[in-house]
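Have a look at the structure below, then the notes.
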Amino acid sequence: MRNLRGKTVSEILGIPQLKESIYPAGFYTRKERYLKEVLRYCQSRIESLSLPNDAREELLDLNGIGRETADSIALYAFHQRTIPIDAYTLRLFNRFFGTMLSMRNYDDLRRSLSTTFNQEQLMEFHALIDEHSKKMCRKIPRCEECLLRKRCKKKL
Ligand code: SF4
């Protein structure tokens, strides 16, 4: 991320040895191919000044793009009403609500949240979930300091 931060889509596509920039992320040969494909998709949208009706579906058609990545790009880059369900979200929901959700519940949970909140709320919500999960609801949770403690089903 540090190697690419601050660069535009065209600048990244213009890097002759993109592989070297993404080398620290691992699987760089495959990732370079996928990254270029998604960047070309974004570039074509930028050039045509058109927002796709359903960026999520179009992104899912690209090689190497799974649900979580498609939802992240659709939410943050194309401002569409969706939300990625990542490991942080599942862990926090399962602890807080005392549920046993897994990636099998991805689509149901995404649909339910996407119809409950508007796009701005979804961005904020996702960012807060990740932040909270990194700081408090970690693998070993810091329940004693957690503001959600009173309502959480799993507090330790
Ligand atoms: S009380 Fe503990 S388990 Fe519940 S949300 Fe907070 S950190 Fe996570």
Practice task
Tell me, yes or no, whether the stretch 72-90 has at least one residue that is in a loop (DSSP other than H, G, I, E, B), within 16 Å of the ligand (Cβ to nearest atom) and either modelled with pLDDT under 95 or at negative phi (or both).
Solution key: yes
Fill in the blank from the handout: Given the conditions (1) at pLDDT 95 or above; (2) part of a loop (DSSP other than H, G, I, E, B), every one holds for E68 apart from (2)
Practice task
Working carefully through the options S72, S112, find the one that is hydroxyl-bearing (S, T, Y) and under 30 Å from L18 (Cα atoms).
Solution key: S72
Fill in the blank from the handout: When the stretch 95-123 is checked residue by residue, the ones that are within 16 Å of the ligand (Cβ to nearest atom) and either exposed (fewer than 12 other Cβ atoms within 10 Å of the Cβ) or over 18 Å from G66 (Cβ atoms) (or both) are R95, F96, F97, G98, T99, M100
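Given the residues D86, D61, D71, which is the only one that is exposed (fewer than 12 other Cβ atoms within 10 Å of the Cβ) and either within 14 Å of the chain's Cα centre (by Cα) or without any contact (Cβ under 8 Å) to a residue 40 or more places away in the chain (or both)?
Testing whether each residue is exposed (fewer than 12 other Cβ atoms within 10 Å of the Cβ) and either within 14 Å of the chain's Cα centre (by Cα) or without any contact (Cβ under 8 Å) to a residue 40 or more places away in the chain (or both) leaves just D61.
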Exercise for the section: Look at the stretch 124-144 and say how many of its residues are near the ligand (Cβ under 8 Å from one of its atoms) and surrounded by fewer than 14 Cβ atoms within 10 Å (Cβ to Cβ). Expected result: 2
Practice task
For residues that are over 15 Å from K7 (Cβ atoms), modelled with pLDDT under 90 and open to solvent by 70 Å² or more (accessible area, probe 1.4 Å), tally how many sit in the stretch 29-50.
Solution key: 2
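The values are calculated or read from the model by the stated rules, or taken from the named source; none is laboratory data. All values derive from a computational prediction rather than experimental measurement. Counting neighbours? That spans all protein chains shown, and the Cβs are built from the backbone with ideal geometry, glycine included. Note: accessible area is taken over every heavy atom of the protein model, side chains too, but ligands, DNA and RNA are not part of it. Shrake-Rupley method; radii C 1.70, N 1.55, O 1.52, S 1.80 Å.
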